[in-house]
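Here's the structure we're looking at; comments come further down.
The values are calculated or read from the model by the stated rules, or taken from the named source; none is laboratory data. Since this is a predicted model, take the numbers as computed values, not measurements. Heads up, the Cβs are rebuilt from the backbone with ideal geometry, glycines too, and the neighbour counts pull from every protein chain shown. These area figures cover heavy atoms from the full protein model, side chains too; ligands, DNA and RNA do not enter into them. Shrake-Rupley method; radii C 1.70, N 1.55, O 1.52, S 1.80 Å.
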Amino acid sequence: MAILSFIVILAYILSPSSLATELDSIHVSQSLSDGMTLVSQGGKFELGFFSPGNSHKRYLGIWYKKIPVHTVVWVANRANPINDFSGTLTVKSTGNLSLTENGTETTFWSTISRKQAKNPVLELLDSGNLVLRNEGESNPKAYLWQSFDYPSDTYLPSMKLGRDLQNGFDWCVTSWKSRNDPSPVGFSLGLVLNDYPEFSIMNGTKNLYRAGPWNGLYLSGYPDLSYTYIFETTYVKNKDEISYSSNTKIDSILARAVINQTSQSITQYIWDDNLQNWKSFGSKPVDVCDKYDLCGAFSYCSVTEPQHVCQCFKGFSPKSPEAWNSNNSSQGCIRDKPLSCNNVTSTDGFVKYTGLKVPDTQHTKLHENINLDECRNMCLKNCSCMAYANSDIRGGGSGCVMWFGNLIDIKMFQSGGQDLYIRMPALESGLQHRNKKKVIITSIIGAICATVLLCVYVIYRVQRNNIEWSKAELFEGYVNDTDLPMFDLLMVTTATDNFSLNNKIGQGGFGTVYKVIRSMNSWFQTNK
């Protein structure tokens, strides 16, 4: 036994590929034994037997072939290891795989395919996907079986996360028990199938972290789009599947995401040729605010306030002030004033919040073909509807999702995030505030109009006074428009010295203007 252990350790140190006979495919007439490997066409990945960490047990797995750090991305017999080098992988004529112990009938792992097999062949693709297909078949949907349908702890580019609705199984990644034991434990990242589906990290059935639903641009709980120049993401929702996938834009980039039991997180890595090692570029959960339902109902967690991360929404107060003040916010918040909840005369309204991870979608209703105004009206007519938002935020938003019951697990981001409209009574929803705002705006407009009219009046009076002052200068101070005397031609002729050019003072639209002689002024003084 000691000699066997030594050989196992030595084989691991020397690297599996250095001791292996390499194959590019396995047919029905062939098998893969410990010491042999199956290599992808471009030499990127390799399938074979290995021992993890300091374990002496043997597992069938897939790893990167060309990098110096032995990195396993998939394991077949995770919960059922082989105790020696006797493992053999066989392709059955029925289109199934079988991992057995050489010389015995003990089966450590096998596959089940419901498709008809015709000369099946096993190949490893450069994506890291191990596929069993009929020879000559290139249609991905026609695979008899593929490892991407059964991920281990590692997510690879072009792999799907979600649910196969046709076959009824989940695409999810599940953590190793430890670095020495790839057994699947309770920590997994996958799709929670609500009416508005979302992705979460679970410990069994307990939610630990919500990545959130897909909103057309990103998963709601992860608005960081700083790596879009490297990755492009795809979300599919139809009768066959609901899936999320991410692919690298450059084939030469080696990337992966691994879920870890110890950290209870999923971490993304890119291979760094300069460092000759894996470089982390993001991990979820990111901070304490990502802890599921940290703040309870009708409250949000803000990463901008590390000293007091939980805040009640406006119009709500802590359900237990004593617990809240002791940094125990799990009981959440309750309304300060009740809703009217009357479908006919309801005075409820909605308060808009921005920059959020939307609430848990367990109790939601999705309407993808109505707009936001229709969504608001539909929500307002249902007393149980507590909030609404666009289901797709692209291009100004479209679709409708409504939340019923308590709103939990909401996070406010420093940048990014979505709009959410939360139902509130009239006094809190801003309806009266909007009326006051209308009054203020109307008053301001009225004041501006009054000011303009006053200015026009002042200008008119100034111009009128100028005209009157001109008349006063002409008649030397006598400008009583309503009581001016009438003069005959003889008097006017005399006063202007027979319309002498010496007395002419100007020319206007109504004729020539003359200055009267002093004798006429005396007449005015006498007859005033």
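The rows are residues; the columns are (1) aromatic (Phe, Trp, Tyr); (2) open to solvent by 40 Å² or more (accessible area, probe 1.4 Å); (3) farther than 17 Å from Thr71 by Cβ.
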| residue | (1), (2), (3) |
| --- | --- |
| Ile253 | no, no, no |
| Ile266 | no, no, no |
| Trp278 | yes, no, no |
| Phe281 | yes, no, no |
| Tyr292 | yes, yes, yes |
| Ser299 | no, no, yes |
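Answer yes if at least one residue in segment 142-151 is at pLDDT 95 or above, part of a strand (DSSP E or B), open to solvent by less than 40 Å² (accessible area, probe 1.4 Å) and of a type in the set (Ser, Thr, Tyr), and no otherwise. Within segment 142-151, not a single residue is at pLDDT 95 or above, part of a strand (DSSP E or B), open to solvent by less than 40 Å² (accessible area, probe 1.4 Å) and of a type in the set (Ser, Thr, Tyr). For segment 198-251, the set of residues classified as open to solvent by less than 20 Å² (accessible area, probe 1.4 Å) and on the phi > 0 side of the Ramachandran plot consists of Gly212, Gly216, listed by residue number.
With the condition kept exactly as written, say whether any residue in segment 423-446 is outside any loop (DSSP other than H, G, I, E, B), among the aliphatic types (A, V, I, L, M) and at pLDDT 85 or above. Scanning segment 423-446, I find at least one residue that is outside any loop (DSSP other than H, G, I, E, B), among the aliphatic types (A, V, I, L, M) and at pLDDT 85 or above, so the answer is yes. Does Arg114 qualify as being modelled with pLDDT of 95 or more, more than 17 Å from Val258 (Cβ to Cβ), out of contact with any His (no Cβ under 9 Å at 6 or more places or on another chain) and among the basic types (Lys, Arg)? Taking the combined requirement at face value, the residue does not satisfy it. Candidates are the residues of segment 261-299 that are on the phi > 0 side of the Ramachandran plot and not in a strand (DSSP E or B); the one that is farthest from the chain's Cα centre (by Cα) is Gln276.
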